[in-house]
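Down below is the structure, laid out as structure tokens.
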Amino acid sequence: MDLRILGMDTPFFNTLQHMMDANDHEADKYINAPTTTYVRDAKAMASTPADVKEYPSSYAFIIDMPGLKSGDIKVQVEDGNVLVISGERKRGEEKEGAKYVRMERRVGKFMRKFVLPDNANTDAISAVCQDGVLTVNVEKLPPPEPKKPKTIEVKVA
């Protein structure tokens, strides 16, 4: 609302108008900003590199997971065809009196999502974590059998 239209063109009302306009712009900034969850998930996905291999009968998803136990890693299938690998790497217990001089290893949540192809068998997924490397194998469905032509008997009228 512009207060000058109402004939209130004084320094006080000009300042009030400026404050009201500034609040509108601030509100727009927050309305259009990505959600905290979206930002967190995007960071978690960006910091989790993966290799994907295709074999004749399966797909393999390979992710480095040094220092993690199997209970720290979760492998799921969402929406019928989205493979989700997630978890959390926690900081080790600190001894009293110790302080970090340098901290380079990542800690926190991680996640990757992969849309599986149509020939992926989501009922035949296995995951193994060995020597700090997680390998998730997704078996392929057998190729569909070609449809045989249907023969229709022709009757003589």
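Close amide H partners of residue 87, meaning residues 5 or more places away or on another chain with modelled amide H under 5 Å apart, are 74, 110.
Within a straight-line Cα-Cα reach of under 28 Å, residue 69 can be paired with the following lysines, leaving aside sequence neighbours fewer than 8 residues apart in one chain: 43, 53, 90, 95, 99, 109, 113, 140.
Remark: spin-label model distance residue 57-residue 148 equals 2.6 nm, labels positioned 7 Å along the Cα→Cβ axis. Extents of segment 54-147, largest first, come to 73, 25, 20 Å (Cα atoms, principal axes, whole angstrom).
Here the convex hull built on the C-alpha positions of segment 73-128 has a volume of 101 cubic angstrom per residue. A full extension of the chain between residue 130 and residue 91 corresponds to an added length of 12.0 nm, given 0.36 nm per residue minus the alpha carbon distance.
Readers should treat all values here as calculations from the given coordinates under stated rules, not as data from a laboratory. Keep in mind that what you see is a predicted model, and the values were worked out from it rather than measured. Because the Cβ atoms are built from the backbone with ideal geometry, glycine has one as well, and the counts that use them run over all protein chains shown.
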